[in-house]
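These notes are about the structure you will find just below.
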Amino acid sequence: MTSPSSPTGPEPGRPVPPPGPAPQTTPGSGPVAPTQPAQPARPAQPGRPAKDPTRGSKAGGLWAALVAFGVLLVLLVVFIAQNTDTTTVQFLGFEGETPLAVALLVATAAGILLTALVGSLRIAQLKHRARLEAKRR
């Protein structure tokens, strides 16, 4: 094997450099080892992709939630401003007059709460079933 720096072969007593990129040098110093690419902070676990540091932070999630809340608030104000007509509401023998927007918002809130209640009961049922199944094993 011949050295890349010597056309006639390696000098006696001097090792032959391994094949590959030549070491980098800086002015006024000896050879500097080439730098290796940075390794991820944690190696990926089998079956799970490596965590991307540019995605999914708590601050990013909070920012997205605040933007969504702001847009929803603006839409709500426009909805209330456009639906100021008074309407009569009757429920279980009670009767009253209220702005249309308020009646619709109360009905929507009641629907959301009812849906959340039913969903929470279903989640509790599934958790209970999972605990029973874990005890059997």
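Please list T115, T87 in order of solvent-accessible area, largest first, computed with a 1.4 Å probe with all protein chains present.
Most to least solvent-accessible, the answer reads T115, T87.
Pull up all non-local amide H partners of T87: gap of 5 or more, or a different chain, and H-to-H distance under 5 Å with H placed in the peptide plane.
Distant-sequence amide H within range of T87: T98, L100.
Of V78, V106, which has the most accessible area and how do the rest follow, probe 1.4 Å?
Heavy-atom accessible area, descending, gives V106, V78.
Which net charge results for the neighbourhood of T87, defined as the other residues with beta-carbon distances under 12 angstrom from its beta-carbon, given Lys and Arg at +1 and Asp and Glu at -1?
Here the charged neighbours net out to -3.
The values are calculated or read from the model by the stated rules, or taken from the named source; none is laboratory data. These numbers were taken from a predicted model, which means no experiment stands behind them. Neighbour counts run over all protein chains shown; Cβ positions are idealised from the backbone, glycine included. What goes into the accessible areas is simple: the full protein's heavy atoms, side chains included, and nothing from ligands, DNA or RNA. Shrake-Rupley method; radii C 1.70, N 1.55, O 1.52, S 1.80 Å.
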